[in-house]
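Engineer: Can you keep this structure in mind? I'll have questions shortly.
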Amino acid sequence: MSRYDKYEDELRSYGLYDALDSKERESAVYALKLLNGNGLYNVSMLLERSKSADHIQAFTLQAIAQQNWIIMRQLTKITKLLDKNEAQPEPEPELVIPEIPKDVVEVEPIIISKGTIKCPKCRTDQSESRAMCWHCGAKFIK
């Protein structure tokens, strides 16, 4: 088993392997390599004679940077999906007004919005302050 397979297996154990696209998977494997010292950790420590804590801190910071790139890519995908859904708003339901017989003279107006009513007899919009329809003459019941 190669080291790459080991990292992919680790991603699978967290349920991330299939959830990430190839570029995100590559970044995640790279982050795991950094957290493990990328296999060169012991050699570089000997050659540079520096503190191991410095190396661990540097690898950890690099891994965090890679993880942030993954998160940013995923947030971009989520934003695009949300924008796509917002671009297709649900249609407003159509106002259904029942037919009123012609001989009815008193009708209850339908409130359309604040300050506006609709005559159910002739379907004409008008001010809610009116006592009768300006179009058909039907008297409003208030």
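The values are calculated or read from the model by the stated rules, or taken from the named source; none is laboratory data. What you are looking at is a predicted structure, and each value in this text was computed from that prediction instead of being measured. Cβ atoms come from the backbone with ideal geometry, glycine included; neighbour counts cover every protein chain shown.
Engineer: Kindly indicate whether residue 53 is at pLDDT 70 or above and over 35 Å from the mean Cα position of the chain (by Cα).
Structural biologist: yes
Engineer: Which one is farthest from residue 94 (Cα to Cα), of the residues in region 106-119 that are assigned to a loop (DSSP other than H, G, I, E, B) and not acidic (Asp, Glu)?
Structural biologist: Per the stated criteria, the residue is 115.
Engineer: Something else about it: Which residue out of 94, 108, 48 is closer than 30 Å to residue 34 by Cβ, charged (D, E, K, R) and either assigned by TED's automatic domain parsing to the domain that holds residue 29 or modelled with pLDDT of 75 or more (or both)?
Structural biologist: 48
Engineer: Output the qualifying pairs, or none if there are none: Cβ atoms under 7 angstrom, residues six or more apart or on different chains, first residue in region 10-37 and within 13 Å of residue 64 (Cα to Cα) and aromatic (Phe, Trp, Tyr), second residue at pLDDT 75 or above and in a helix (DSSP H, G or I).
Structural biologist: That search, which allows pairs on different chains as well, returns 30/66.
Here is a yes/no grid of residues against (1) modelled with pLDDT of 75 or more; (2) within 30 Å of residue 19 (Cβ to Cβ); (3) assigned to a strand (DSSP E or B):
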site: 31; (1), (2), (3): yes, yes, no
site: 59; (1), (2), (3): yes, yes, no
site: 63; (1), (2), (3): yes, yes, no
site: 71; (1), (2), (3): yes, yes, no
site: 79; (1), (2), (3): yes, yes, no
site: 84; (1), (2), (3): yes, yes, no
site: 100; (1), (2), (3): no, no, no
site: 104; (1), (2), (3): no, no, no
site: 121; (1), (2), (3): yes, no, no
